[in-house]
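Written out below as structure tokens is the structure these notes cover.
The values are calculated or read from the model by the stated rules, or taken from the named source; none is laboratory data. Remember, predicted model here, so these are calculated numbers, not experimental data. Here the Cβ is made from the backbone with ideal geometry for all residues, glycine too, and neighbour counts use every protein chain on show. With ligands, DNA and RNA removed, areas are computed over all heavy atoms of the protein, side chains included. Shrake-Rupley method; radii C 1.70, N 1.55, O 1.52, S 1.80 Å.
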Amino acid sequence: MAGFGFPPGGTATCDGVDLVAVADAEGTPLYVYSEPLIIERYRELEAAFGDYPHRIHYALKANSTLGIVRLLHEAGSAFDANSAGEIAVALRAGAAPSEIVFTGVGKTATELDDAVRLGIGAINAESAGELDRIDRMARARGRRARVALRVNPNVRADTHPGIATGRRSHKFGVPIDQARALCLEAAARDGLDLVGVHAHVGSQITNVETLGRSAALVAELARTLLGDGVDLEHIDLGGGLGIAYDGAAAPTAAGYARVLLDVVAPTGLTLLLEPGRWIVGPAGILVATVVDIKPQRNGRHFVVLDAGMTEFLRPALYDAEHCLEYLTPLATPAVTCDFVGPICETTDVIAMARSMPLPEVGDRVVVRDTGAYGSAMASNYNRRPQPAEALVGGGKWRMIRRRQTIDDQVACEC
Ligand code: LLP
């Protein structure tokens with residue numbers, strides 16, 4: 001199987017490449033991705049939907065480093081963009097505007113007008129006001145813009161509250177009970193082609209029944225609209241499929257497809273999906289170096305790394321728990337370690353209370369399953385540089401992002 005290996009007695013590898021060599025050559029903090037695993041996961045998800053008309057629009061927000069986007073474009077993926085920047089990256093990677101859906105609360109007038117001008121595959125509209133603005137922009141250009149309405153199905157997703165998006169109280173989409181009237185109005189506008197209905201109820205959802213409930217509500221709306229004579233082309237069910245961060249069981253692509261196709265196939269509409277995490281999450285790791293060890297009074301040890309919330313925000317922001325490994329296995333007895341970063345914030349943690357062999361300064365730690373929402377959420381807080389990123393493929397590695405320098409950082413400051 002493609003991906004990372006952590007043999008009990010040997011050093012860590014990625015598709016046969018020795019990760020010690022990569023870390024020695026490129027330094028840390030360093031993200032490393034497995035090209036074969038990204039492709040394998042994309043293909044597995046793609047194939048799970050079989051012959052039913054469908055299209056995968058990889059969610060760029062999970063990881064939009066150009067080397068990864070190019071790879072997925074070459075594999076045949078379309079894209080879901082959340083900003084002008086993500087649209088620009090998809091275009092640079094070779095995607096056609098028609099292969100991009102544009103989602104997002106708070107698209108600016110410039111972003112919307114550019115999307116209309118480019119002929120984006122579908123603008124997933126968030127509100128009556130946004131539909132109105134798109135209609136006016138399209139008519140001003142003598143065009144019709146392809147739009148889908150994002151609905152909020154009021155579904156509870158069993159995930160971290162910070163990444164649930166499908167309840168009435170969340171800022172996303174239009175309440176589903178107002179959607180039919182709004183769609184009928186949109187379909188009658190001269191500047192709009194209403195081509196789909198869209199929903200995304202949250203991320204890291206490991207219960208596919210939740211996604212099925214949302215899909216059923218959206219499919220029912222689509223059927224009603226088809227009955228009303230609206231010429232819909234697709235149902236876009238967003239992303240959200242979770243992965244097993246703690247090694248526990250996670251949904252399979254096949255199980256996910258079964259649940260969605262059950263409710264979507266009767267409509268006959270093309271199914272669009274916007275997976276991010278499921279494709280790239282397990283295909284990336286973060287390598288960090290131990291820079292200090294501080295014993296605590298309670299017998300635990302702070303293991304201070306050269307990576308923290310600036311390189312990897314998920315533990316600080318969502319209490320996310322990622323498996324840790326050492327790049328080279330250690331023979332010291334296990335103690336309780338709090339792996340923390342170098343930033344002046346108490347919330348700057350990578351993993352707390354882990355029973356691991358006590359490392360020494362200079363040892364290297366691997367944070368697993370960081371391919372999604374890792375480098376994409378890195379920041380320059382404390383004037384720290386964005387980390388470097390390497391892609392392993394064909395038995396070697398290449399850099400897809402060099403480490404940022406202080407010159408890069410100040411380049412746009414006057
Ligand atoms: N489509 C839309 C409209 C979205 O808002 C998202 C994620 C996706 C697709 C992709 O969802 P995925 O398949 O990756 O679950 N930073 C958080 C995750 C935020 C997700 C935001 N929206 C984290 O690290 O867990």
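Couple of notes before you dig in:
- Which listed residue, of 167, 146, 223, is of a type in the set (Lys, Arg), surrounded by fewer than 22 Cβ atoms within 10 Å (Cβ to Cβ) and not in a loop (DSSP other than H, G, I, E, B): 223
- Candidates 364, 383: the one that is among the basic types (Lys, Arg), in contact (Cβ under 8 Å) with a residue 12 or more places away in the chain and crowded, with 23+ Cβ neighbours inside 10 Å is 364.
- Cβ-Cβ contacts under 6 Å between residues 6 or more apart (or on different chains), taken from a first residue in segment 312-337 that is over 30 Å from residue 162 (Cα atoms) to a second residue that is basic (Lys, Arg), are listed as 327/364.
- Summed over segment 342-398, residues that are of a type in the set (Gly, Ala, Ser), in a loop (DSSP other than H, G, I, E, B) and more than 16 Å from the ligand (Cβ to nearest atom) total 3.
- Odd one out for residue 287 among (1) open to solvent by 10 Å² or more (accessible area, probe 1.4 Å); (2) more than 16 Å from the ligand (Cβ to nearest atom): (1)
- Any hit, segment 248-264, residues being surrounded by fewer than 17 Cβ atoms within 10 Å (Cβ to Cβ), touching a residue at least 24 places away in the same chain (Cβ under 8 Å) and in contact with a strand residue (DSSP E or B) (Cβ under 6 Å, 6 or more places away or on another chain): no
- Residue match in segment 209-216 (condition: of a type in the set (A, V, I, L, M, F, W, C), assigned to a helix (DSSP H, G or I) and surrounded by fewer than 19 Cβ atoms within 10 Å (Cβ to Cβ)): yes
- Residue within segment 103-121 that is in contact (Cβ under 8 Å) with a residue 60 or more places away in the chain, in contact with a helix residue (DSSP H, G or I) (Cβ under 6 Å, 6 or more places away or on another chain), within 16 Å of the ligand (Cβ to nearest atom) and more than 30 Å from residue 74 (Cβ to Cβ) present: no
- For the residues 73, 57, the requirement of being in a helix (DSSP H, G or I) and modelled with pLDDT of 95 or more singles out 73.
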